[in-house]
Structure formats: structure tokens, C-alpha cells
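These notes concern the structure reproduced below.
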Amino acid sequence: MTHATRLIKPRGMHDQIHQHQLHHRRQRRGWPGALTSMALALLAISLLGGPWISAAIALESGAGMGGVQDLALAQERVDYTLTNQDGKDFSGQQLANSSFAGVTARDADFSGADLHGAILTQASFLRSDFSGADLSDALMDRTDFTGTDLSGALLRGVIAAGSSFSDAVIDDADFSDALLDRSDQRVLCRRARGTNPTTGVSTRLSLDCP
């Protein structure tokens, strides 16, 4: 398991969002290539219309399958960047790959939400509820999780350098392969207990506690 002992070199918020989006786009590459561009364009226009026409046009203009995948990813992503979401209810929602960068979301409810691959960088989630949420692979550096409920949450592979977990509840959370500051890791280990109900991994083990 890797733990950060120093902060990641600061970059602009939009640069971080762009790099994070590119990472997920690359993971989505590899569609079957049986249909030619013309055939797919004609099929989309004649049978489906709507958003698929845009995809067909993207193919005809030379964008290729990569352009269609980028279009699909953009359509499914929800962008709350730099907005105020204090007290809002996102419980149980599908928010994978969404952006909450720079958001103020105090006392918000994200319990049971799917935030896999989301961008939470430089946001404030003071006293918010992330219990049972899936935050795997999320970008959450320099984020305020003070007083946040992360019990039972999945935080596998998150990048959380420079973030604050002061008074956060982490019972049964899974931090496997998370990138954390060494000081945060030591503080979290003092109150780590339980086992994640989804992965069966001990919270202390996931934090590499001594």
C-alpha cells in the first residue's frame, strides 16, 4: 500500500479535472470495430436519432470511436463544480465520474451514493454523510472532510493528499491503496475499527496501521 508523505505538486483545478477525465476516458477505450463509420452513421440516423445522430456526425467528421466514447462520457457526467450544495440530498444517487470540485456541501447527504471516480478536489463537506458511499478512485485532494461520516464507505484508490479528516467517522471504511498524507494516516489509525461490509477488509488493515 502506498501512502503519500508529502503533498502532490499543486496544479490548477481545471488541469486536475482534465487529467482525471482523460484517465477515465482511456479506461473506456476498446469498443468492437465491426461496423464501419458509414454503417454506424446510417444505422443511428435511421433507427435511433437523438443523441446518436451527434455520435454519427462525430464518426463522419473523422473523430472515430474515441470521439463517440468521449461524447457518451460527457453526457453521463454531472458537473457541480464551484456550486453551493449545502444540505442537499444526494443519497443513493448514481454520481460516478461527476465533478464536485470546489463545491461547498456542508451537512449534505451522500449516503449510499455511487461516486466512483468522482472529482471532489478542494471541496468542503463539513459534517456531510457519506456512509456506505462508493468513493473508489475519487480525486479528493485538499478536501475538507471535517466531521464527515465515512462509515462503511469505499475509499479504495482515492487520492486524498492534503485533505482533512478531523473528527471524521471511519468505522468499517475501506481505504485500500488510498494516497494519504502520512500524518492523516496516523490520525485515522487511532480511531480505525471494524470491517467493510462490501469488501470484507478491515479498516485498520486498509490503512496499513501498525
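The values are calculated or read from the model by the stated rules, or taken from the named source; none is laboratory data. Computed from a prediction, not measured in an experiment: that's the story for all the values here. Positions of Cβ are generated from backbone atoms using ideal geometry, with glycine treated the same way; all protein chains shown enter the neighbour counts.
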For the list (1) of a type outside the set (F, W, Y); (2) out of contact with any Pro (no Cβ under 9 Å at 6 or more places or on another chain); (3) more than 14 Å from F130 (Cβ to Cβ); (4) free of Cβ contacts under 8 Å to residues at least 24 places away in the same chain, I need the number of the one condition that V158 fails.
(3)
Within the stretch 74-126, the residues that are of a type in the set (D, E, K, R) and surrounded by 16 or more Cβ atoms within 10 Å (Cβ to Cβ) are R77, K88, R106, D109, D114
Mind listing whichever residues of the stretch 168-205 are in a loop (DSSP other than H, G, I, E, B), of a type outside the set (A, V, I, L, M) and under 22 Å from the mean Cα position of the chain (by Cα)?
D171, D172, F175, S176, D177, N196, P197, T198, T199, G200
Under 9 Å between Cβ atoms, at least 6 apart or on separate chains: pull out the pairs that start in the stretch 192-210 with a residue that is under 18 Å from D167 (Cβ atoms) and of a type in the set (K, R) and end on any residue that is crowded, with 16+ Cβ neighbours inside 10 Å and at pLDDT 95 or above.
R193/I170; R193/D171; R193/D172; R193/S202; R193/T203; R193/R204
Would you call R106 of a type in the set (K, R), part of a loop (DSSP other than H, G, I, E, B) and touching a Gly at 6+ places or on another chain (Cβ under 6 Å)?
no
